[in-house]
Amino acid sequence: MTQPIFNASTPASAPSKKAHVIVLGNEKGGSGKTTTCMHLIVALLRLGFSVGTIDIDSRQRSLSRYLENRRQTILKENVALPQPQHVVVQRSPFNIVQEAEEDDRERFTKTLMRLVEANDFIVVDSPGSDTYLSRVAHAHADTIITPINDSFVDLDVLANVDGQTMKIIKPSIYSEMVWEQKLMRAKRDGGSIEWIVMRNRLSNIDAKNKRFMTQATGELARRIGFRVAPGFSERVIFREMFLQGLTVLDIMEMNGGVGLSLSHVAARQEVRDLLKTLRIAKLDEHINRQNEEAAAKEEAQNKKDEAKEEAAEASKEAANANPASVSSEPLKTAPEPVRELEALAS
Ligand SMILES: Nc1ncnc2c1ncn2[C@@H]1O[C@H](COP(=O)(O)OP(=O)(O)O)[C@@H](O)[C@H]1O
Ligand SMILES: [Mg+2]
């Protein structure tokens, strides 16, 4: 691999950093938490933000392994890739529940406080089960993202739904937990948590399922209080680069647009759409600023091109009006007889 540079065109924010905390959560394994997490981290890094990452899924450690693979790629392939400041928070080894919970809380908050001061964003990957550590992380979130696989089976992560009438019987334990953490957060610092549910592995084949899921998640969103993100489609590109620690966003910038498929472009757009859905002020401002800069650059280039064209046109017209001017260039070589004399003299 050759030496790519990452696109951190505009430095993100002012020196005093107070990170925005994003937690990926869903009490089901295999719903796309780590995949979404990694793509979000790389997207933020490539926008020029500094990112702190915390893995509280200390059993699977999928995010940590993804990032470790990235580090290996940097070392072995000699490529420059943006990296986050990463920490794994282990579960407490204590046996007594109260002691263990206190220990978990302390471990997490200490790590978070340290990263919050030094970064623009913190992204937390959590396990697919209900742990105390996961609850603590949810309570400290500014934004919770819950990816769900695009199937009926996964709806029960959000609520128990009557299969016949499609009515919501009651919110799921996870929805209640998020609700509780929202209350805790409001009590603790008056802050609010934005909850976003993201449909993952969308397929174009099953249009009927897709329609139903759109309707059901829309209904649940109103009842349980979350926003629905457009989501990621089922794409090989979202899963095939784990071992290299790369994402589609890296590949697209490393290759400079060479050998990319429509699927690459579509996948990158899905990640960008997720960023937009988050509605985080400093992120939106940054993206708008970058877009404005790009538009201004393009306009300046267009003006330059126009001026060049006009100048070329003008000199063509001048040449047509005065044909003699075509041969008005001074002669660079000496006329024949002079050269013969020079040859004789030497
Ligand atoms: N949009 C997607 N397209 C294709 N494969 C996906 C997609 N999202 C996740 N996967 C794959 O599904 C599996 C589970 O995803 P993962 O992110 O590890 O879930 P979780 O962290 O919630 O357990 C992984 O093998 C991952 O590569
Ligand atoms: Mg995971």
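The values are calculated or read from the model by the stated rules, or taken from the named source; none is laboratory data. Remember, it's a predicted structure, so these values are computed and weren't measured experimentally. Here the Cβ is made from the backbone with ideal geometry for all residues, glycine too, and neighbour counts use every protein chain on show.
Observations
- Qualifying residue in the stretch 202-224 (condition: part of a loop (DSSP other than H, G, I, E, B), assigned by TED's automatic domain parsing to the domain that holds His138 and closer than 12 Å to Ser151 by Cα): yes
- Check on Ile122, touching a His at 6+ places or on another chain (Cβ under 9 Å), under 26 Å from Val271 (Cα atoms) and within 16 Å of ligand 1 (Cβ to nearest atom): no
- The residues of the stretch 15-31 that are more than 16 Å from ligand 2 (Cβ to nearest atom) and at pLDDT 95 or above, listed by number, are Ala19, His20, Val21.
- Unique match (being modelled with pLDDT of 90 or more, under 16 Å from Pro147 (Cα atoms) and either part of a loop (DSSP other than H, G, I, E, B) or hydrophobic (A, V, I, L, M, F, W, C) (or both)) among Leu283, Leu274: Leu274
- Odd one out for Gln290 among (1) in contact with a helix residue (DSSP H, G or I) (Cβ under 6 Å, 6 or more places away or on another chain); (2) under 30 Å from Ile145 (Cα atoms); (3) at pLDDT below 90: (1)
- Only listed residue being closer than 30 Å to Asn78 by Cβ, loosely packed, with under 12 Cβ neighbours inside 10 Å, β-branched (Val, Ile, Thr) and at pLDDT 90 or above, chosen from Val248, Val236, Val265, Val258: Val236
- Output for the stretch 32-51, where each listed residue is more than 9 Å from ligand 2 (Cβ to nearest atom) and in contact with a Lys or Arg (Cβ under 8 Å, 6 or more places away or on another chain): Ala43, Ser50
- Applying the set (1) over 30 Å from Ser172 (Cα atoms); (2) among the basic types (Lys, Arg); (3) in contact with a helix residue (DSSP H, G or I) (Cβ under 6 Å, 6 or more places away or on another chain) to Arg71 leaves exactly one unmet item: (3).
Residue-by-condition table, conditions (1) modelled with pLDDT of 95 or more; (2) within 15 Å of Phe121 (Cβ to Cβ); (3) in contact with a strand residue (DSSP E or B) (Cβ under 6 Å, 6 or more places away or on another chain):
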{"site": "Thr10", "(1), (2), (3)": "no, no, no"}
{"site": "Ser13", "(1), (2), (3)": "no, yes, no"}
{"site": "Lys33", "(1), (2), (3)": "yes, no, yes"}
{"site": "Thr36", "(1), (2), (3)": "yes, yes, yes"}
{"site": "Leu44", "(1), (2), (3)": "yes, yes, yes"}
{"site": "Phe49", "(1), (2), (3)": "yes, yes, yes"}
{"site": "Ile74", "(1), (2), (3)": "yes, no, no"}
{"site": "Asn78", "(1), (2), (3)": "no, no, no"}
